[in-house]
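These notes concern the structure reproduced below.
Where a number appears in this text, it was derived from the coordinates with a stated rule and is not lab data. A quick note: this is a predicted structure, and the numbers were derived from the prediction, not measured. Ideal geometry is used to build each Cβ from the backbone, glycine not excepted, and the neighbour counts take in all protein chains shown.
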Amino acid sequence: MAGQFEVFTNPIVRARKAYPYVAILQADVAETGRDRIVAPLVPRTQLTGTAGRLTPHVTVSGVEHVLLVPSMSAIATMDLKEPCDELRHYRNDIIVALDLLFLGV
């Protein structure tokens, strides 16, 4: 089963060039069936002006990326193959981004 904060190659092939990875944000205890809530990751070099609590900077496979929390979506769990990295050590930054997005704090 795909777990919270695991990173996968983006299963949407046509979006993979811009967003090579997705990270699961959904808690493991909130298993909702066939889908998982994910946020896309984009290489930091492709964006400007992304500093801020809503878009945490993380490292995936040795490259700095931006986690686009406001661009969350559901992806079929069966499309998430093998995890290639994980973001557990960025948990606090991700929770801050989710709190800001949903609670405004």
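Couple of notes before you dig in:
- Inter-probe distance in nm under a simple model that places probes 7 Å from Cα toward Cβ, at ARG44 and LYS17: 2.5 nm
- Each residue in HIS65, HIS89, HIS57 was given a count of other beta-carbon atoms within 10 angstrom of its own, and listing them fewest first yields HIS89, HIS57, HIS65.
- Cα shape, the chain, gyration tensor, a/c 1.5 rule: oblate
- The ALA51 and THR9 beta-carbon pair, evaluated with R₀ = 25 Å, returns a calculated FRET efficiency of approximately 0.45.
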